[in-house]
There are 4 protein chains.
Amino acid sequence: MKTSRAAVLTQYEAPLELKEFPVPETIEPGAALVKVKLAGICGTDVHLWHGQLPIPLPVILGHETVGVIEALGEGLTSDWTGAPLSAGDRINWSSSINCGECYYCRTKPQPTRCLGRKAYGISYSCSAAPHLFGGYADYIYLRPGTAIFKIPEQLPTEAVVGAGCALVTSLHGIERIGVHMGDTVVVQGSGPVGLASLAVAKASGAATIIVFGGPPHRLELAKRFGADVCIDISESSVEERKAKVLEMTNGFGVDVVIECVGIPEVVPEGLELCRDGGRYLVLGHYGNAGTVPFNPHVITRKQLTVAGSWGFEPRHTQAALKFLARNREQFPFEQLVGKPFPLERAFDALQATASWSTAKSAIAP
Amino acid sequence: MKTSRAAVLTQYEAPLELKEFPVPETIEPGAALVKVKLAGICGTDVHLWHGQLPIPLPVILGHETVGVIEALGEGLTSDWTGAPLSAGDRINWSSSINCGECYYCRTKPQPTRCLGRKAYGISYSCSAAPHLFGGYADYIYLRPGTAIFKIPEQLPTEAVVGAGCALVTSLHGIERIGVHMGDTVVVQGSGPVGLASLAVAKASGAATIIVFGGPPHRLELAKRFGADVCIDISESSVEERKAKVLEMTNGFGVDVVIECVGIPEVVPEGLELCRDGGRYLVLGHYGNAGTVPFNPHVITRKQLTVAGSWGFEPRHTQAALKFLARNREQFPFEQLVGKPFPLERAFDALQATASWSTAKSAIAP
Amino acid sequence: MKTSRAAVLTQYEAPLELKEFPVPETIEPGAALVKVKLAGICGTDVHLWHGQLPIPLPVILGHETVGVIEALGEGLTSDWTGAPLSAGDRINWSSSINCGECYYCRTKPQPTRCLGRKAYGISYSCSAAPHLFGGYADYIYLRPGTAIFKIPEQLPTEAVVGAGCALVTSLHGIERIGVHMGDTVVVQGSGPVGLASLAVAKASGAATIIVFGGPPHRLELAKRFGADVCIDISESSVEERKAKVLEMTNGFGVDVVIECVGIPEVVPEGLELCRDGGRYLVLGHYGNAGTVPFNPHVITRKQLTVAGSWGFEPRHTQAALKFLARNREQFPFEQLVGKPFPLERAFDALQATASWSTAKSAIAP
Amino acid sequence: MKTSRAAVLTQYEAPLELKEFPVPETIEPGAALVKVKLAGICGTDVHLWHGQLPIPLPVILGHETVGVIEALGEGLTSDWTGAPLSAGDRINWSSSINCGECYYCRTKPQPTRCLGRKAYGISYSCSAAPHLFGGYADYIYLRPGTAIFKIPEQLPTEAVVGAGCALVTSLHGIERIGVHMGDTVVVQGSGPVGLASLAVAKASGAATIIVFGGPPHRLELAKRFGADVCIDISESSVEERKAKVLEMTNGFGVDVVIECVGIPEVVPEGLELCRDGGRYLVLGHYGNAGTVPFNPHVITRKQLTVAGSWGFEPRHTQAALKFLARNREQFPFEQLVGKPFPLERAFDALQATASWSTAKSAIAP
């Protein structure tokens, strides 16, 4: 019987444990068995490790994964777009599956807020068969209903993992807030979501993009991706950043600010950077990081629009793969990914992400 | 020489002083001299009296006024809509005049954020001739460029003053956030802006409207205007109000919440009342009332859209007069106005508004 | 063995034939067997009878149906909104089922343009078991995946059939073109779609609604539903109708025109009734009724927005039932339905619709 | 006394006449006297020459002009954006002036449909002083209220004239129909409006752009501007073009089609190229070119949105200059302009535009 290794989170804030699970021999109709090629480490994985979101331990982490089809269940003959699927195809998939039946799937379509949504690498315990529901493993088992996408041949695996769930998150968020040709934009944050938002804003025709972030290697990437100005947050105060933005906008502020940080304090800072009638996207607050003193008067007086965006839909994954293929030269997401860690060093990979020592770390089992 | 009395704010938090000013004998081209019939007391006047917004004292307060044309300057022959104007016509006007030339008038059209905007009853000192720039007076002088509107004959003066700047503010705000046929709505507040927002939401086809407010005489009006449920804030806790809203919406929250209070604490309360993907309008925060602890995570997680709205444009004043004429029976705004005060008791009128003892007080000089 | 009668279209333009089919004894999981209470005759049925749309004859017509649950397949325990379902419940359902997998279900969400959409009373031949896929019958069989809705108790069956697929069609169309509070509207047509569009526009806050149509009994209903002005098309010319609309709008035309006729000639007429910057909804052109000379210059010069809308989604059926329950007094759709025909006179019912002798005919088996 | 030569249209379809007019010695407050550097010949000028739009002959043609300020009237100290203006500055200006008072300036803001709009080179007779209201002249006189813009130093005069009124027209039109990142687009036409629409769509993030047009030198420019595929209309049939578009879009059609031709027949062709739920912009129909057989069923069945757009506002002129400065390398609009004609050969320049022998001809007085 074949087995698969997997790096398991068994206890919050403890090292991941390398375990072996049987590789399922029969695949149920509509499901797929996939050999993992590269699994990205998302910032969310760090939050999960700290126990900041309740999950059904033990869990195999990993929701940003590229793999190769090993076996297909009956009836699964094409990917989400209708392209034929067969063993050996290199694929990516939406990390979540919707229930399709709840109030948010049906009545008020907000599919990312599906009440029954479950995500690989997050919502499934590995204690029951077929166990393999996370990317930090040799194999992953995709349940029926997973939105699978063949990866265009010319697109490197590293680019897909480098873009990870950051790019789909940004595509969804910017769809909600709108970045229009000629807009001036501030991106707060230069992590994966910040870089992806920069890329999407740039590709949407933004005229000027200012990135706040750090450390320097990430700001280098921001420059490479087309940021007009980068400001290192560790070398500037709130007042200095505001002064710079106002100086670049005749004292008015920018059309759109995109928050990609997740620290409450940046929200009041960012609202002040919008011109009157401007737009603010709260994109980085997936975790509950507590409160910040906030003055609602700024929303009324500056006549702002503020939007939040949660997760993404399969159509964003499809759009992301097209985006990556179309803009490979302009936005080389593969450069975010450092040298991959072997599976047995999954915990080191997680710590590399936690410490921001790379833009993005990854595991090649 | 004819004179006009006027109630003047000469010092913050001191009683208004009744003074006499010469009535101008010549009217410059495009201007108008108007005899005041009824001047509304806005909640903003109370804030001005406390000195919460800087204004060029001494100022004749009053920006919600109906009057009759006494004399027209050369060239002023029609109202803002093109209807002919002549002495004796009963009129209302937009309280602000835009510069028409700034960044917000031109480049990023946000006309209510005009950099040079000046408002009757607020921005003009009465120390220089022609002095009469506020509604708490026998006469008011309308400068060239004022957006003047003839009042339809069948529409009572009290209805126009009762709607005051609350209705135009609500029309603008709800234009920004959107209330669609079939929506469920919470209105936070039952003062003039709350009642006007209730009316506009109702007329936009809202299916269910819940009003939070008080005191009881205002909630009676809310019922009269078509609120489905009214909750007295003095007899309910934040948790009880939330429980009621969730109970009425299968546990999901409403489509739209409209904030018409101006107290920061109600904003976090209101955000929690939105369903996921819902909308929140910060409409009542004209004054700077300080900060409140706020968790940006709610915006991301619930995927909300939050909008602010400031002031209104002349087209909203035109729409408000049509709205009042069209919906007189359904929304009898005249019932907001108590027995008018004579001009010499202007300060009592102001205190009646400050103490919420009527929905709206007014001065009939 | 129980049998069900059904009125079958076996040959275009020939009388319907009353046939008997076995009532299925076993219901597959997720399906339902329903006893028909009232089946509406839609104008589309007349087009189908003429052979204007290709369908797989023989077909049991009828896609606007109210029935009572006779038996439920395994697993079908709640309606589309999650409310519990059991035998004896009075229900309505969306007439179409989407594939959920095609380009228009997934990538560019336009679910009403699903490539695999199939509709009761239209797309299913009755030659294969379980045969009963149309409303003109004693029983109808609802396949797994049908969006079923329990009907609120206080809502009469006749109101649901009277609103038929016209109301859901109007809800979808007006969602696309937008009718906002205060808008002036022309509705071209006073058939079921015209009356439903009038109702939806009215409930959305339209200030003035002008209906073009006939015969007089339908215009009476339009008046009853709140039309401000009705113009009988048989007693007016294109020029006269235009003159009336311009007279009512200071010569500018209305904000929105809704086409509910299906005759190409009305489109150029209607575009001329829009003010500059106005909106035009092509809602009645379900059938291909050929071409009309059309000048594209009008679109550019008047800066119009023109939209089409096809069919409806289950969420529109849900909204329609809520709309009917909420506005029963204002819009008594039951008044559209004449005295029901017995099933054996199904062909007379069809001809009554064809001849416009009632607003809507119906069959009570 | 100084004089200015001007090429005057005195009779439709007759050669332009070179006349002399006195250069005004006093400039009224708010006005400006400008020495013409380069005057573009717009396709509209050809229509005017044929008498297809009524204008008050005799008229000095020319509404796409760059000049240098010779003298400024009192009070004109800054351009439309607030930048200081002085003699010697190189400028461009919006060709139209709005009344600011009509129904379309105020109530239903559609400023491009202003009822009192007047345009340089079109609406002013040159028979009365100060005569010089068109660009085909040594000098042009700009009336008070003209929206004047200083041209950024690095931007060549030829680029501004090459973009002409085509770019502002496209910016306005695409603002109305929307081109979003990742969209597939067909541009019908490769004249100045077609090329400008291609540029704006490209800069808005369109993923794939197909241009229909000719002759070859214009399609070369389209390629240079980033068209993915160009199809010469003289070497292809309607069916072949449709086949190519469907082939490139899996048989579905594109997201957006932009009509930049002005020939009615292309509209039905273009509607068929849209995917279901797609968008169609009628941008080229400034002239009334008659009717075409059109089937409204396509709008309903394909659930399309069709929009028209007329002219542009000063904010589009401001945006166009920024666009040109920002994207100089990607979209070298100066390449549209052939070798300028001297003023005495203005009629030859007009004929060069009429015959499509250059993308755009121009006059350098």
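Summary of computed values
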| item | result |
| --- | --- |
| Pair list, Cβ < 6 Å and 6+ apart or interchain, from region A:109-129 residues that are farther than 22 Å from A:Pro58 by Cβ to residues that are of a type in the set (Asp, Glu) | A:Gln110/B:Asp276; A:Pro111/A:Glu313; A:Arg113/B:Asp276 |
| Count of region A:124-146 residues which are in contact with a Lys or Arg (Cβ under 8 Å, 6 or more places away or on another chain) and either of a type in the set (Asp, Glu) or open to solvent by 30 Å² or more (accessible area, probe 1.4 Å) (or both) | 1 |
| Residues of region A:227-238 classified as open to solvent by less than 60 Å² (accessible area, probe 1.4 Å) and under 22 Å from A:Ala199 (Cβ atoms), total | 5 |
| Top-ranked residue in region D:57-81 [being part of a loop (DSSP other than H, G, I, E, B) and open to solvent by 50 Å² or more (accessible area, probe 1.4 Å); ranked as farthest from the other protein chains (Cβ to nearest Cβ)] | D:Leu57 |
| Residues of region D:293-315 satisfying the condition of being of a type in the set (Val, Ile, Thr) and in contact with a strand residue (DSSP E or B) (Cβ under 6 Å, 6 or more places away or on another chain) | D:Ile299, D:Thr300, D:Thr305, D:Val306 |
| Some residue of region C:110-121 being in a loop (DSSP other than H, G, I, E, B) and among the basic types (Lys, Arg) | yes |
| Matching residues in region A:340-356 - criterion: being part of a loop (DSSP other than H, G, I, E, B), surrounded by fewer than 17 Cβ atoms within 10 Å (Cβ to Cβ) and at pLDDT 95 or above | A:Pro342 |
| Residue in region B:181-189 that is modelled with pLDDT of 95 or more and within 23 Å of B:Thr77 (Cα to Cα) present | no |
| Neighbours by Cβ (under 8 Å, 6+ apart or cross-chain): first from region B:226-243, closer than 16 Å to B:Val267 by Cα; second acidic (Asp, Glu) | B:Val238/B:Glu269; B:Arg241/B:Glu269; B:Lys242/B:Glu269; B:Lys242/B:Glu272 |
| Odd one out for D:Lys322, checked against (1) in a helix (DSSP H, G or I); (2) within 12 Å of chain C (Cβ to nearest Cβ) | (2) |
| Residue in region B:182-195 that is of a type in the set (Ser, Thr, Tyr), out of contact with any Asp or Glu (no Cβ under 6 Å at 6 or more places or on another chain) and closer than 23 Å to C:Glu175 by Cβ present | no |
| Total residues in region A:322-349, condition touching a residue at least 60 places away in the same chain (Cβ under 8 Å) and touching a Phe, Trp or Tyr at 6+ places or on another chain (Cβ under 6 Å) | 3 |
| Condition broken by C:Thr317, with the remaining ones in (1) under 24 Å from the mean Cα position of the chain (by Cα); (2) facing chain D (nearest Cβ under 10 Å); (3) surrounded by 21 or more Cβ atoms within 10 Å (Cβ to Cβ) satisfied | (2) |
| Residue that is nearest to A:Pro365 (Cα to Cα), among those in region A:30-48 that are in contact with a strand residue (DSSP E or B) (Cβ under 7 Å, 6 or more places away or on another chain) and open to solvent by 30 Å² or more (accessible area, probe 1.4 Å) | A:Lys37 |
| Residue among A:Pro332, A:Pro365 that alone is out of contact with any His (no Cβ under 6 Å at 6 or more places or on another chain) and open to solvent by 20 Å² or more (accessible area, probe 1.4 Å) | A:Pro365 |
| Candidate set from region B:279-313 (those that are at the interface with another protein chain (Cβ under 7 Å from one of its Cβ atoms) and assigned to a helix (DSSP H, G or I)); member that is most open to solvent (accessible area, probe 1.4 Å) | B:Arg301 |
| Residue list for region B:82-111, filter: polar (S, T, N, Q) and either at positive phi or buried (at least 21 other Cβ atoms within 10 Å of the Cβ) (or both) | B:Asn92, B:Ser94, B:Ser95, B:Ser96, B:Asn98 |
| Failed item, numbered, when A:Arg275 is tested on (1) outside any strand (DSSP E or B); (2) within 9 Å of chain B (Cβ to nearest Cβ) | (1) |
| Candidate set from region A:15-29 (those that are open to solvent by 20 Å² or more (accessible area, probe 1.4 Å), at pLDDT 95 or above and assigned to a loop (DSSP other than H, G, I, E, B)); member that is farthest from A:His50 (Cα to Cα) | A:Pro29 |
| Region C:112-125, subset small (Gly, Ala, Ser) and on the phi < 0 side of the Ramachandran plot, residue nearest to the chain's Cα centre (by Cα) | C:Ala119 |
| Matching residues, region D:79-102, being hydroxyl-bearing (Ser, Thr, Tyr) and more than 25 Å from the chain's Cα centre (by Cα) | D:Ser86 |
| Pairs, first modelled with pLDDT under 95 in region D:133-157, second surrounded by fewer than 22 Cβ atoms within 10 Å (Cβ to Cβ), C-beta under 8 Å, six or more apart | D:Gln154/D:Ala325; D:Gln154/D:Arg328 |
| Filtered residues of region B:178-205 (kept if open to solvent by less than 10 Å² (accessible area, probe 1.4 Å), within 14 Å of chain C (Cβ to nearest Cβ) and among the hydrophobic types (A, V, I, L, M, F, W, C)) | B:Val185, B:Ala196, B:Leu198, B:Ala199, B:Val200, B:Ala201 |
| Every residue from region C:175-212 that is under 24 Å from C:Asp276 (Cβ atoms) and out of contact with any strand residue (DSSP E or B) (no Cβ under 7 Å at 6 or more places or on another chain) | C:Glu175, C:His180, C:Met181, C:Gly182, C:Ser204, C:Gly205 |
| The one condition in (1) within 14 Å of another protein chain (Cβ to nearest Cβ); (2) open to solvent by 10 Å² or more (accessible area, probe 1.4 Å); (3) in contact with a Gly (Cβ under 7 Å, 6 or more places away or on another chain) that C:Gly164 fails to fulfil | (1) |
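A quick yes/no check of all residues on (1) open to solvent by 20 Å² or more (accessible area, probe 1.4 Å); (2) out of contact with any Leu (no Cβ under 7 Å at 6 or more places or on another chain); (3) modelled with pLDDT under 95:
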position	(1), (2), (3)
B:Ala222	no, no, no
B:Phe225	no, no, no
B:Glu240	yes, yes, no
B:Lys244	yes, yes, no
B:Val254	no, no, no
B:Val267	no, yes, no
B:Gly270	no, yes, no
B:Gly277	no, yes, no
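The values are calculated or read from the model by the stated rules, or taken from the named source; none is laboratory data. Source: prediction; values computed, not measured. Glycine gets a Cβ as well: all are built from the backbone with ideal geometry, and neighbour counts include every protein chain shown. Remember, those area values only see protein heavy atoms, side chains included, never the ligands or the DNA or RNA. Shrake-Rupley method; radii C 1.70, N 1.55, O 1.52, S 1.80 Å.
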